[in-house]
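K.L.:
There's a structure below that I have some questions on.
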Amino acid sequence: MADVLIERVKLCDYRSYERAECSLAPGTTVLYGANGSGKTNLLEAIGLACTGRSARTRDDRELVRAGAKMASVTMTTSAFGVTNKVSVTIAPGSRKEVRVNGAPVEQVQALEARPLVCLFIPDRLALIRGAPSGRRAHLDALVGAVWPSRRTDRGAYARALGQRNALLASIRAGRAGRHTLEAWNHELATHAITLRAGRMEATETLAPPLAQRAKELGLDGRLEVRYRARSAAEDAVAFLAELSEHTDRDLERGFSTYGPHRDDLVLRHEGRDLRKYGSQGQQRLALLALLFAERDVLTDTRGGFPLMLLDDVFSELDRTRRGLLLDELAGRGQSVITTTDLEHVAGFADPTLLSVQIPRDVISATLADEASERAA
């Protein structure tokens, strides 16, 4: 898979934007402007067009500009000289609509017309600080990106889990007998082993580049990643036996308490849980290292650099670490960075600069292409 590049992005009634359109450089584009000018909204919109979902909210209604009925993001991409137009339309109360060259499609993630993405925004520190569910979802997305044939594993397990949970509720209510669990226990065990295997392989693949990237970005001490599984079962038969041991507890609580939906991805710095003991600076560097390690894995397995989207990445980095970060981006595919201070990218090789501003009279913006302007 060669690099899929974004040439243009167009927003309509998206968050603070009434209308906005801009071109992106094949290398690095720097979005600069004051706080509140809409840089993060634009970056989020690019991520939405590439993945079909926002990295900041699960409520799509938040993406529609106040007073508008719907929002849309359209990106023009190119690869091997072929141009495609991918659009995502959001209308509260209706299903999100994704189209490629005007034709409706079911899932953005399966499209060859969109780039793979590694995204950093401050909110994503929840991957380190937050609940295990976010880390599981992130890891599953990585599995699907690295091995597209495994993209359906998470959904298959979730459907089996939902059916088993519904049956547990029926048994508790006296509408079904305990023996009816057997079929869904088998189904759940099969998908559990498949899902867990993909997660563990992804974690093992990620570990070496993560340690290396953390070192290169200036994180003192060794950074490790481990997949913490509740089950020690090596196959579906063994998992089924473990599941049976938890049946009484599941019936008591009314839901499945055992399985990969309770597993976690753990980052350790110098042998200590980074979520509990890491400083904010260490957690920030660890997240950056994680994203760059994922870029390495995707590049090795898919044959092209993923798009790097980095929001407010410089705010807590010193000059040395900013330089290390920019060195990582140079000559390695397409990237978009936001900053409030052009001094943060001073000396970086040939970025395209886009000024993001909000007019005083309306909350909207048109991005002016200032490719000829250089950082001081």
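K.L.:
Return yes when GLU234 is modelled with pLDDT under 95, part of a helix (DSSP H, G or I), of a type outside the set (Ser, Thr, Tyr) and more than 14 Å from LEU139 (Cα to Cα) and no when it is not.
P.N.:
no
K.L.:
Test PHE305 against the stated conditions and say whether it is in contact with a helix residue (DSSP H, G or I) (Cβ under 7 Å, 6 or more places away or on another chain) and more than 21 Å from ARG135 (Cα to Cα).
P.N.:
Judged against the criteria, PHE305 is a match.
K.L.:
Tell me, which residue of the range 125-167 that is of a type in the set (S, T, N, Q) and assigned to a helix (DSSP H, G or I) is surrounded by the fewest Cβ atoms within 10 Å (Cβ to Cβ)? Step through it out loud before you land on a result.
P.N.:
So in the range 125-167, the residues of a type in the set (S, T, N, Q) come out as 133, 149, 152, 163, 165.
Filter once more, so that each one left must be assigned to a helix (DSSP H, G or I): 133, 149, 163, 165.
On the way: SER133: 11, SER149: 8, GLN163: 14, ASN165: 16.
Result: SER149.
K.L.:
Between a first residue in the range 296-309 that is under 22 Å from ALA25 (Cβ atoms) and of a type in the set (A, V, I, L, M) and a second residue that is assigned to a helix (DSSP H, G or I) and modelled with pLDDT under 90, which pairs have beta carbons less than 8 Å apart while being 6 or more apart in sequence or on different chains?
P.N.:
Taking only residues 6 or more apart or on different chains, the pairs are MET308/LEU329.
K.L.:
Name every residue in the range 264-298 that is closer than 18 Å to PRO208 by Cβ and not in a helix (DSSP H, G or I), in order of residue number.
P.N.:
Correct list: LEU265, VAL266, LEU267, ARG268, HIS269, GLU270, GLY271.
K.L.:
Applying the selection to the range 19-42, what residues are in a strand (DSSP E or B), touching a helix residue (DSSP H, G or I) at 6+ places or on another chain (Cβ under 9 Å) and farther than 19 Å from ARG332 by Cα?
P.N.:
Listed by number, the residues that qualify are ALA20, CYS22, TYR32.
K.L.:
Right, next: Among the numbered criteria (1) in contact with a helix residue (DSSP H, G or I) (Cβ under 7 Å, 6 or more places away or on another chain); (2) under 15 Å from PRO92 (Cα atoms); (3) surrounded by fewer than 23 Cβ atoms within 10 Å (Cβ to Cβ), which one does VAL64 miss?
P.N.:
It fails just one condition, (1).
K.L.:
Here's a follow-up. Working carefully through the options THR203, THR180, THR190, find the one that is free of Cβ contacts under 8 Å to residues at least 24 places away in the same chain, assigned to a helix (DSSP H, G or I) and either of a type in the set (Asp, Glu) or out of contact with any Pro (no Cβ under 8 Å at 6 or more places or on another chain) (or both).
P.N.:
Criteria check complete, one pass: THR180.
K.L.:
Can you tell me which residue within the range 206-219, out of those that are in a helix (DSSP H, G or I) and surrounded by fewer than 19 Cβ atoms within 10 Å (Cβ to Cβ), is modelled with the lowest pLDDT?
P.N.:
GLU216
K.L.:
Let me ask something else. Consider the range 146-170. How many of its residues are touching a Leu at 6+ places or on another chain (Cβ under 8 Å) and over 17 Å from ALA192 (Cβ atoms)?
P.N.:
The total comes to 1.
K.L.:
Residues to consider are PRO92, PRO115; find the one that is at pLDDT 90 or above and assigned to a loop (DSSP other than H, G, I, E, B).
P.N.:
Numbers: PRO115 fails: at pLDDT 90 or above.
Unique residue meeting the criteria: PRO92.
K.L.:
Turning to a different aspect of this structure: Being within 30 Å of ARG56 (Cβ to Cβ) and of a type in the set (D, E, K, R) narrows it down to one of ARG172, ARG124, ARG222, ARG178, so name that one.
P.N.:
ARG124
K.L.:
What residue, of ALA103, ALA91, ALA45, ALA49, is more than 18 Å from GLU294 (Cβ to Cβ), out of contact with any helix residue (DSSP H, G or I) (no Cβ under 6 Å at 6 or more places or on another chain), free of Cβ contacts under 8 Å to residues at least 40 places away in the same chain and buried (at least 21 other Cβ atoms within 10 Å of the Cβ)?
P.N.:
ALA45
The values are calculated or read from the model by the stated rules, or taken from the named source; none is laboratory data. It should be emphasised that the depicted structure is a prediction, and the values quoted were computed from it without experimental measurement. Backbone-built Cβ (ideal geometry, glycine too); neighbour counts: all protein chains shown.
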